[in-house]
Every structure is written in C-alpha cells, then in structure tokens.
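Below is one structure, written out as structure tokens; the observations come after it.
The values are calculated or read from the model by the stated rules, or taken from the named source; none is laboratory data. Here the structure is a predicted model, which means the values were calculated and not measured. Cβ placement follows ideal geometry from the backbone for every residue including glycine, while neighbour counts extend to all protein chains displayed. Please note that ligands, DNA and RNA were not included when accessible areas were found on the heavy atoms of the full protein model with its side chains. Shrake-Rupley method; radii C 1.70, N 1.55, O 1.52, S 1.80 Å.
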Amino acid sequence: MKPSIYGLKNDELTEWFVENGQKAFRATQVWDWLYVKRVTSFAKMTNLSKELIQLLEENFIVQPLIQKVVQESNDGTIKYLFELHDGLLIETVLMRHEYGLSVCVTTQVGCNIGCTFCASGLLKKQRDLTAGEIVAQIMQVQQYLDEKETGDRVSHIVVMGIGEPFDNYDNVMSFLRIVNNEKGLSIGARHITVSTSGLAPKIKEFAENGLQVNLAISLHAPNNEIRTSIMRINRNFPIEKLMDAVDYYLEKTNRRITFEYIMLRGVNDQKEQALELAKLLADKRHLAYVNLIPYNAVSEHDQYSRSKKADVLAFHDTLKKKGINSVVRKEQGSDIDAACGQLRSKQMKKESTEA
Ligand code: SAH
Ligand code: SF4
C-alpha cells in the first residue's frame, strides 16, 4: 500500500524531491497544490511535468480516506465516518463556534487506555493512525467545505477523537507540524488543543516540542481512588506523577493547561470532590482551567449517568469560590452522536447485524 503524501512534513517532502533528483522548488509547488489549492489528485497539478506526476503517482496516494457517512446536525455540527485502506473505520467531527470552525480528529483505531466511561475504550486499539491519515481527516473536512463554496475554513483543531494521542506520539507530532505549516493550512498552534489521558513522560516530552499548541488533560477525578476506578491508566501514572509532569510542563512553557472533568452522577460530582479538586490545583490556579463536561451516555456503560444540573452548578460554584477558573462545557451535535466513538460503534453494530 502506497503511503499518503499528506504524511510528509514540509522538510521531508523537499528532502524526498531532492533525493529523487528533483528541484526543491517543485516540492514547494506540490505543497501549495495539496494545502492551498487542495486538489485531490496529482494529475490536477498542472504546472508539473507528466514525468513528475507519474513519479509521484508511483510512490504516493493523496487522499487515503473514503467517506462512508456524513451527518449534519441542526446546530451546524457535521460528523464524518471514514474508511481506511484496510477497511477499518474512524470518525471526525466538525463543530461551529463563534470563534470559528473546529475539527475533532481521531488518532488511533480504538484505544487501549480503557477508561470505563468512554465508547472508544470499549474497542481495543487495532492500530495507530499514520500522520497522513490524521492530516487527511482535516483535508476531507476542508475539501467538503470547499465544495460548498462558502469560504468556510477550518480554523481550530482538537485532538480529542478516538485514541490516545500520546500513545501515537511521533505521528501526532508530525500531524501538528503539517497542519501548522504557514505555507499550507496554516492553522495556528494556539488554535490547536491536544487532549491526553495523562501519559506523564509524554507530557514532559511535549513540553519540549517548541510548538505553542494547547494541552488538555483528562483528569476526571480529584484523587487516586476515584480516578483509578474510572481510568485504568491511573495505576501506571497516579495523580502525583501526573501533577509532577504538569508542573514540569508549566515551568517549561508557562502556558495554561485545561483539565477536563466529566461530571458523573454520584461518582465525582459532589462538593467534597470539588473541594479536593480545588486543593489539588491550588498552587497552579493561575495556569489551570477546569472544563466541566456533561457525560454523554454510552449504552454499554449503563453504570454511569449524567450529573444533576444543580450538582454541576454547585460544583462550578465551589471551584469559583476557591479561585479555580472553570467553565461548564456546552454540548454540540448530541442529536448526531457527537460523543467520542459513538457513530463508529453504532456503524459497527449495524454492520455486524447486517452480516
Ligand atoms: N484519549 C484522550 C483524547 C480523546 S478523549 C483523552 O482521554 O484525553 C477526549 C475527551 O472526551 C476526554 O476528555 C474524554 O475523557 C472525553 N470522553 C470520553 N468519553 C466520554 C463520554 N462518554 N462523555 C463525555 N466525554 C467523554
Ligand atoms: Fe482512550 Fe481517551 Fe477514551 Fe480514555 S477517554 S478510553 S484515553 S479515548
């Protein structure tokens, strides 16, 4: 199987051209065709020679994803289901905000972290996505928007789809550099957020990468007892180790971190836990931001339910009184299964009953 050219960083593409006896400026032209003009085949790159087009076709494909399902929600959210060359399915979501259009990308097929509240966690990791397959999700969405000719542009990215991005670190880093490249899609690093379940050593490595990309950490609990019960990863990287990595990151980058906290009724949503969370984050409160997330019901995990509204408000209020910045996240696209992994698991169930 030929790799997608979307997986090459700008300098890697230039290197490939030079190694194959081509002039470096040809790489610049191809980059422009891919990310500015956004054509979907080499044959459409009209300022290249036939020989060069043939050489590219022999070595690469452009778009590696096949669009299987598109669902548009009343609030403008669009959800895509894509098929990979080996038949596996992934999903990508476009959300509309006041500040722009944001795309949620998938980084792995399934996830091995196994959080007990997550639909993706039910599906063991089948493989990592290549950098090209992650970039291709953004390109598919942008090309879909291009066809509508409304001038819409993907301006933000959240790496919050299926998978643990720091368990596919190198490919995710290549992806970030490709979409951030200013001669291409030029999506600002400050407009990109990577969410991790808390792989402490990778958080430290990420602190060194030099990109101004935002980091979000799925904390979901203020102590090890609750966190281990809902996130298996907490056995390997308990809260002390995680906070040690967080402190390192903050010291290195001085950038704000978002802590994600799914509100699970009766599990982590009481005043006692809000106070414990405030205490945990007290020494970094000027750089910490808590995102209180409504739980999206996953039919396979019926032990959980969404927190009562009053409990969410009280939790938020307690954090505020303790000087911790927090926000209750608005939901989007819930009528089209916008929660992590849900469209994919639905499609797979459909296919298994059809089979
Ligand atoms: N693996 C990474 C990124 C993908 S998950 C991580 O865990 O951070 C992105 C976010 O969706 C995480 O904060 C995750 O906890 C949250 N999430 C997973 N299942 C959810 C559900 N059923 N309802 C609401 N949020 C969920
Ligand atoms: Fe994996 Fe994130 Fe889901 Fe946990 S919440 S199982 S880390 S995708």
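Being closer than 19 Å to Gln140 by Cβ, touching a helix residue (DSSP H, G or I) at 6+ places or on another chain (Cβ under 8 Å) and aliphatic (A, V, I, L, M) is the filter here, so list the residues in segment 46-81 that pass it.
Start the filter on segment 46-81 by keeping residues that are closer than 19 Å to Gln140 by Cβ, which leaves 60-73, 76-81.
Narrowing further to those that are touching a helix residue (DSSP H, G or I) at 6+ places or on another chain (Cβ under 8 Å): 60-65, 67-73, 77-81.
Hits for segment 46-81 are Ile61, Val62, Leu65, Val69, Val70, Ile78, Leu81.
On the stretch given as segment 74-109, residues that are open to solvent by less than 10 Å² (accessible area, probe 1.4 Å), over 15 Å from the mean Cα position of the chain (by Cα) and not aliphatic (A, V, I, L, M) total 2. Of the listed requirements (1) modelled with pLDDT of 95 or more; (2) of a type in the set (Ser, Thr, Tyr); (3) within 16 Å of ligand 1 (Cβ to nearest atom), Thr46 misses just one: (3).
Here Ser174 fits the description: under 18 Å from Leu8 (Cβ atoms), crowded, with 16+ Cβ neighbours inside 10 Å and away from ligand 2 (no atom under 16 Å from the Cβ).
Residues in segment 280-299 that are open to solvent by 80 Å² or more (accessible area, probe 1.4 Å) and either within 16 Å of ligand 2 (Cβ to nearest atom) or touching a residue at least 24 places away in the same chain (Cβ under 8 Å) (or both): Arg285, Ser299. Scanning segment 22-70 for residues that are over 19 Å from Glu12 (Cβ atoms) and under 24 Å from the mean Cα position of the chain (by Cα) yields Arg38, Thr40, Leu65, Ile66, Gln67, Lys68, Val69, Val70.
Going by the structure shown, is Glu205 closer than 30 Å to Gly188 by Cβ, open to solvent by 40 Å² or more (accessible area, probe 1.4 Å) and in contact with a Phe, Trp or Tyr (Cβ under 9 Å, 6 or more places away or on another chain)? Break it down into steps so the answer makes sense when it comes.
Details: closer than 30 Å to Gly188 by Cβ: yes; open to solvent by 40 Å² or more (accessible area, probe 1.4 Å): yes; in contact with a Phe, Trp or Tyr (Cβ under 9 Å, 6 or more places away or on another chain): yes.
The answer is yes for Glu205.
Residue count for segment 197-213 under the criterion of being closer than 17 Å to Leu242 by Cα and either touching a residue at least 40 places away in the same chain (Cβ under 8 Å) or not assigned by the TED database to the domain that holds Cys118 (or both): the result is 9.
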